[in-house]
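Please read the structure below before turning to the comments.
FYI, it's all coordinate maths here, none of it is from the lab. Just so we're clear, the structure is a prediction, and the values are computed from it rather than from any experiment. Glycine also receives a Cβ, built like all others from the backbone with ideal geometry; neighbour counts cover every protein chain displayed.
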C-alpha cells in the first residue's frame with residue numbers, strides 16, 4: 001500500500017496508510033479470535049510492541065513536518081527497501 005501511494009502528498013499518504021493499518025489490524029485480531037488463537041501468549045507478545053507504538057506516537061508530530069516537505073516518497077521507498085531486504089534475509093536464514 002505504501003508503494004502505491006509513494007508519490008502522494010504527505011497528508012494523503014498518512015491518512016490512507018492509517019485507515020489501511022487500522023482495518024488490517026481489526027481483521028487480524030478478529031481472525032485470530034475466531035480461530036481461537038488470541039490468548040494470553042499472543043497478548044504478551046503484542047505488549048512487547050507497545051514501546052514502539054508509543055515512540056511512533058511521540059515522533060509522529062515532529063516527523064510530519066519533515067515528511068510534508070516532500071520527503072514522503074524517499075521515506076516510503078527506504079522503509080520498503082529495508083522491509084524487503086529483511087524479508088529476503090529471513091527467508092535465506094530459515095532456508
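Over 10 Å intervals from 0, what percent of Cα-Cα pairs in the stretch 1-69 sits in each interval?
Reading the bins upward from 0: 17, 38, 30, 15, 1.
Between residue 79 and residue 38, what length in nm is gained on full extension when 0.36 nm per residue of separation is reduced by their alpha carbon distance?
11.9 nm
So, R0 is 41 Å and r is the distance between the beta-carbons of residue 12 and residue 92; what FRET efficiency does that work out to, to 0.05?
For residue 12 and residue 92, the calculated efficiency is 0.70.
Could you tell me how many degrees, from 0 to 90 and to the nearest 10, lie between the Cα long axis of helix 10-34 and the main elongation axis, the longest principal axis, of the Cα atoms of the chain?
Approximately 10 degrees, to the nearest 10.
Which order results if 42, 90 are arranged by neighbouring Cβ count within 10 Å, fewest first?
90, 42
What span do the alpha-carbon atoms of the stretch 29-95 cover on each of the three principal axes, reported in whole Å from largest to smallest?
Principal-axis extents of the stretch 29-95 (Cα, largest first): 45, 33, 20 Å.
Cα axis of helix 50-66 to longest principal axis of the chain: angle in degrees, 0 to 90, nearest 10?
Value to nearest ten degrees: 10.
Label-point separation (nm) for residue 69 and residue 46, each offset 7 Å from Cα along Cα-to-Cβ?
3.8
With angles folded into 0 to 90 degrees, how steeply does helix 72-94 sit against the dominant principal axis of the chain? Use alpha carbons for both and round to 10.
Roughly 30 degrees between the two axes.
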